[in-house]
Structure formats: structure tokens, C-alpha cells
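Read the structure below first, then the notes.
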Amino acid sequence: AQKVTQAQTEISVVEKEDVTLDCVYETRDTTYYLFWYKQPPSGELVFLIRRNSFDEQNEISGRYSWNFQKSTSSFNFTITASQVVDSAVYFCALSSSGTYKYIFGTGTRLKVLA
Amino acid sequence: DAGVIQSPRHEVTEMGQEVTLRCKPISGHDYLFWYRQTMMRGLELLIYFNNNVPIDDSGMPEDRFSAKMPNASFSTLKIQPSEPRDSAVYFCASSFGGGRPRDYGYTFGSGTRLTVV
């Protein structure tokens, strides 16, 4: 069975702090894809990043960085120097090679306080 | 690009009524997905289409739900009859990947918030 666990329901930080959102996944497939999406208060879901299971390179995009570790089945997301505009619900998702379904985690609500 | 367009943004209906949600995917995208988001169950895939053909509808909760995609630029999700437990935010998403949509992720619409009273 496939599963995505985001154990942190809600995180509050003060602006400019760094914050890491955890994502742990379960799958028996050798080929799979991991994603992060952002859902701001306006409600839409915004694609942030995709990783496939063969690429364990960490990625940095501005203040965002992602750490993919197959050994621990984790795909964590770090925001450096957080800003109020980062306040949103962040979803981690998993998709296997044989299907285009995404299995979403339950999301982590991030509140960045000014 | 206008993005994925869903209508209506909000819908309030009485139990037993028919509800139709609409989606216009991004032009050129060949995959279309319908998701439902609730507090209890999170984001669930209901059905997805490839080139207007339904590929997997195993997430459709029951026969009261139906989805169609008559052409590449339009899809509907219909609930008949509606029940209070259908209250949720319904998202449409589209993607293009030359056969590999996961490479680019989905582009989601803004969602339709459905309330059945």
C-alpha cells in the first residue's frame, strides 16, 4: 500500500526563521515520484517540485530547498528566512510509475508571523 | 494562459438536487483530473481522463457521481442526487507531459466549494 505521512499538522514560526516540513512516504515500487504543493489561503494548489525515485540530488530554489533520502523514505521541505507570504498549507504527494494518481499527505499548515 | 478554470466557485444546493461542476483545462493539456478535498479525507482523486477518455474512475464514491469530458476543453462532474456528505471542495487539474504528466506536475483550478444542505 502507498501512503504519505505529514506528521506536523501545524507549524508556527516568526518571520525570518527557517522551517522544515517533514514528509515520509511508503511504497513498494522502485519507480515513483514525489511532489510538494502549496495551498495558500486563496485555496488553489500550486505545484512546487517533483522528484523521481532515481534522483536523490537535493534541490534548491531561492529560499526553498528539498532533501530527498530514500534510506529513510523522506522528502523534506525547508524554507529559509520564512516570510508571511509563505503562510499556507503544504502538501506532499506520491505517485507510482504505473498510475497517474497522486496520494496526498494530510498537509502541514504553516503560519509565519510578522 | 488563463490556467484551469472551474465554475462555479461556490455552490449551495439542497439535498436531492442535481449539481454540475465544470472545468476548462489548459489548452494543450491531455490529462484532466477531478479531486475532492474534505477535512476528514483530505485530497482524493475521483477520476482522471487522458485525451478525453476516462482512464480510472475507481475513486468515484458511488453511482450518484458521474464525470464526462466531451472534448479537450471541457469536463463536467455531476452529482445526482446530492447529499450533505458530498459537501467539499472539488478541484479540477490538468497536465501535459507528452505521455508523462508527472514530469510537470498538475495545474489545479481554484476549486468549487460545494455545500449541500
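Brief remarks on what is shown
- Qualifying aspartates and glutamates (Cα of each under 13 Å from Cα of B:LYS24; at least 8 residues distant if same chain): B:ASP1
- 24 Å Cα-Cα threshold exceeded, pairs from A:LYS16/A:LYS38; A:LYS3/A:LYS38; A:LYS16/A:LYS101: A:LYS16/A:LYS101
- Cα centroid separation, the stretch A:6-62 to the stretch B:1-48 (Å): 23
- Per-q log10 I(q)/I(0), the stretch B:42-89, q = 0.13, 0.16, 0.31 Å⁻¹ (Debye; single scatterer per alpha-carbon; no solvent): -0.31, -0.47, -1.28
- Cβ crowding within 10 Å ranks B:SER94, B:SER82, A:SER42, A:SER96 as A:SER42, A:SER96, B:SER82, B:SER94, fewest other Cβ atoms first.
- For the stretch B:1-115, the Cβ-based charge dipole about the Cα centre amounts to some 220 debye (Lys, Arg positive; Asp, Glu negative; other atoms uncharged).
- The dipole here belongs to the protein assembly as shown: it is taken about the Cα centre, uses +1 on the Cβ of Lys and Arg and -1 on the Cβ of Asp and Glu, and is about 120 debye.
- For chain A, the dipole from Cβ point charges (+1 on Lys and Arg, -1 on Asp and Glu) about the Cα centre works out to 240 debye, to the nearest 20.
- The stretch A:55-114 - Rg over Rh from alpha carbon coordinates, Kirkwood radius: 1.02
- Listed residues A:GLU59, A:GLU15, A:GLU44, most fluctuating in chain A (Gaussian network, C-alpha, under 10 Å): A:GLU44
- Quotient of C-alpha Rg and 2.2 N^0.38 Å, computed over chain A: 1.03
- Dipole of chain A, positive end: most advanced residue of A:PHE104, A:PRO41, A:PHE77 [Cβ charges, Cα centre]: A:PHE104
- Spherically averaged projected area of the protein assembly as shown from its Cα convex hull (nm²): 12.8
- Per the Debye calculation on chain B with a single equal scatterer at every Cα and no solvent contribution, log₁₀ I(q)/I(0) for q = 0.12, 0.16, 0.18 Å⁻¹ amounts to -0.38, -0.68, -0.86.
- Charge tally for A:ARG63 (other residues, Cβ to Cβ under 15 Å; Lys, Arg +1; Asp, Glu -1): -3.
Read-outs throughout are calculated quantities, based only on the coordinates presented, and are distinct from any laboratory measurement. The structure displayed is predicted, hence computed values, not measured ones. Note: ideal-geometry Cβ built from the backbone for every residue, glycine included; neighbour counts use all protein chains shown.
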